[in-house]
Amino acid sequence: MIPMRALISVSDKTGIVEFAKALHQLGIELISTGGTAQLLSAQGLPVLEVAELTGFPEMLDGRVKTLHPLVHAGLLARREVPSHMQALKDHGISTIDFLVVNLYPFEATVANPDCSLEDAIENIDIGGPAMVRSAAKNWKHIVVITDASQYAMVLDELAQQQGVSELTRFQLAVSAFNRISNYDGAISDYLSSLDLTSDKRSVFPGQANGRFVKLQDLRYGENPHQLAAFYRDAHPAPGSLVTAKQLQGKELSFNNIADADAAWECVKSFDTPACVIVKHANPCGVAVAEDALAAYNKAYQTDPTSAFGGIIAFNCPVDILAAKALGQQFMEVLIAPSFTGEALVFLQTKANVRVLQIALPPGGADAWSQGRNLIDVKRIGSGLLMQTADNHQLRLEDMQVVTQRQPTPAQLQDLLFAWKVAKFVKSNAIVFAGLGMTLGVGAGQMSRLDSARMAGIKAGHAQLSLKDAVVASDAFFPFRDGLDVVVDEGACCVIQPGGSMRDAEVIAAADERGVAMVFTGVRHFRH
């Protein structure tokens, strides 16, 4: 019986010695290249170097070593085709049954902001992708392994059934082609982002190669007649929704996921215990307090009607007291970084609630933008709109008081709070707030004036007083009428970007009405 052979050539050598030893113990002959061959040989493993196999030395600083018919014919020959096997016999070529390859670390190289074009080019793998494609094309006969995480699965099957199943070989081949696609996409992204005349790199490459991994098919999309699926970035940011662990509840829907993302992105921007309630992608109640229960009670007060069937997110642990309060209302999804054991036991009595656990990004709210997308994308007919994500964080020192009246320190904190919330409300956005909670939210109206009126109506429905409230507007007031509406409702302080041709008129109106106004210089449209 002809022994099986494995060709091993890896850049990332994590676990390769142990894997190669296991293959050797199974009677599989080892072929390898360069540094990998030296490593395995130093561990006492019998290794045939590719140069010995081909009778041709590595050359051009290792650029050419596996690009040879004795390698690729051994990978591509179809065992069930007599003419293929006869050709191998005629030319003295043996088949290769396992290919273990991971590629030069191109993505890690270009992730370094100081990476030079020369370094990037030298980390473009040629022979590795060629072998991977050959082996993956011939998946019915070859096991192609492109990641160390696959070693254990392959060894388990070899031990249990003396071979690797056709299903596993196909899955490994798909992973291999996906790896090559991602690798080529990264090269395209990098090279097409360069401007050699200025030696600068554009945020937006000449060709955008989105790379996403499907997490699950969904029951339907935004509406039941639409198909849908849920994908994550190939390299997701820590603390993002796609890293969530679902602890209980039925499968998430398309709308659940969209709203959960809106709630989670908002709540993790606060550095004190916070609760955010979202309905139809808009925060309908937001509050900060000393713990989850107090934050929830305040957030719920803003708009109890809209909170029904909403998505609720916390940036702090949920304990039994908070869980019992939450259990008194109908909610679709509950999100938090952690839950106490008692809380989880109680929540199991609410079987329809989808409970998600998501670790906060390292560094907490101070590193909030690190757990967010760097680029946002909006699909349009046959195209994409791409922009850098709105990760701007306002600081107290950035706020410019433009009125005669000055906000108090407490009012400045409420203004900052309202501004954070407004950033997550659909434009046109108006947010009334006070004492660390939203009091009225006006979202998505065609005019800022209507959003201001809507926020007042919402506060009235919740029986919340807007006297001495602060107000945040995501964009400037184009006329004084919007300002007059919020002041008539009781606002004493306003925060807005400024930048209107009528800023002087609006500032004069604020002075006339005796309210303080702060400009941020930054707009937060959210369409």
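The values are calculated or read from the model by the stated rules, or taken from the named source; none is laboratory data. None of these values were measured; they are calculated from a predicted model. Methodologically, a virtual Cβ is constructed for each residue, glycine included, from the backbone with ideal geometry; neighbour enumeration extends over all protein chains shown. Please note that ligands, DNA and RNA were not included when accessible areas were found on the heavy atoms of the full protein model with its side chains. Shrake-Rupley method; radii C 1.70, N 1.55, O 1.52, S 1.80 Å.
Of the strands (runs of 3 or more DSSP E) lying entirely inside segment 1-61, those containing at least 1 residues that are open to solvent by 40 Å² or more (accessible area, probe 1.4 Å) span 29-32, 47-49.
Screening segment 209-226 for residues that are in a loop (DSSP other than H, G, I, E, B) and over 26 Å from Y183 (Cβ atoms) and picking the one that is most open to solvent (accessible area, probe 1.4 Å) gives H225. With respect to (1) part of a helix (DSSP H, G or I); (2) in contact (Cβ under 8 Å) with a residue 24 or more places away in the chain; (3) under 32 Å from the mean Cα position of the chain (by Cα), the lone exception for A433 is condition (1).
Within segment 128-149, which residues are outside any loop (DSSP other than H, G, I, E, B) and either more than 24 Å from G27 (Cβ to Cβ) or of a type in the set (G, A, S) (or both)?
Once the filter is applied, which keeps residues that are outside any loop (DSSP other than H, G, I, E, B) and either more than 24 Å from G27 (Cβ to Cβ) or of a type in the set (G, A, S) (or both), segment 128-149 yields G128, P129, A130, V132, R133, S134, A135, A136, K137, A148, S149.
Of everything in segment 328-359 that is assigned to a loop (DSSP other than H, G, I, E, B) and in contact with a Leu (Cβ under 7 Å, 6 or more places away or on another chain), the residue that is farthest from N255 (Cα to Cα) is P337. What number goes with the only condition from (1) more than 15 Å from A508 (Cα to Cα); (2) under 39 Å from the mean Cα position of the chain (by Cα); (3) assigned to a loop (DSSP other than H, G, I, E, B) that A472 does not pass? Tallying (1) more than 15 Å from A508 (Cα to Cα); (2) under 39 Å from the mean Cα position of the chain (by Cα); (3) assigned to a loop (DSSP other than H, G, I, E, B), A472 fails exactly one: (3). Of all the residues in segment 508-527, those that are open to solvent by 10 Å² or more (accessible area, probe 1.4 Å) and assigned to a helix (DSSP H, G or I) number 4. For segment 181-201, taking the residues that are open to solvent by 60 Å² or more (accessible area, probe 1.4 Å) and among the acidic types (D, E), the one that is nearest to K137 (Cα to Cα) is identified as D184. Hey, can you tell me all the residues within segment 150-180 that are in a loop (DSSP other than H, G, I, E, B) and surrounded by 19 or more Cβ atoms within 10 Å (Cβ to Cβ)? Selection gives V164 alone.
Restricting to segment 30-45, and then to whatever is of a type outside the set (V, I, T) and in contact with an Asp or Glu (Cβ under 8 Å, 6 or more places away or on another chain), can you tell me which residue is nearest to L75 (Cα to Cα)? Filtering segment 30-45 for residues that are of a type outside the set (V, I, T) and in contact with an Asp or Glu (Cβ under 8 Å, 6 or more places away or on another chain), the one nearest to L75 (Cα to Cα) comes out as S32.
For segment 119-134, the count of residues that are open to solvent by 20 Å² or more (accessible area, probe 1.4 Å) and small (G, A, S) is at least one.
Figure legend. Inter-residue proximity from segment 48-63: first residues closer than 22 Å to H24 by Cβ, second residues modelled with pLDDT of 75 or more and assigned to a helix (DSSP H, G or I), beta-carbon distance below 8 Å, spacing 6+ or different chains. Indicated pairs: E49/A37; V50/A37; V50/V71; L53/L70; L53/V71; T54/L70; T54/V71. Any chance segment 89-104 includes a residue that's among the basic types (K, R), under 21 Å from G128 (Cα atoms) and open to solvent by 30 Å² or more (accessible area, probe 1.4 Å)? Looking for residues that are among the basic types (K, R), under 21 Å from G128 (Cα atoms) and open to solvent by 30 Å² or more (accessible area, probe 1.4 Å), one finds none in segment 89-104, hence no. Go through the residues of segment 328-340 one by one and say whether even a single one is of a type in the set (D, E, K, R) and either at positive phi or surrounded by 17 or more Cβ atoms within 10 Å (Cβ to Cβ) (or both). Within segment 328-340, one or more residues are of a type in the set (D, E, K, R) and either at positive phi or surrounded by 17 or more Cβ atoms within 10 Å (Cβ to Cβ) (or both).
Among the numbered conditions (1) more than 37 Å from the chain's Cα centre (by Cα); (2) part of a loop (DSSP other than H, G, I, E, B); (3) surrounded by 15 or more Cβ atoms within 10 Å (Cβ to Cβ), the only one that S500 does not meet is (1). The requirement of being outside any strand (DSSP E or B), without any contact (Cβ under 8 Å) to a residue 60 or more places away in the chain and more than 15 Å from V318 (Cβ to Cβ) is fulfilled somewhere in segment 277-289, by at least one residue.
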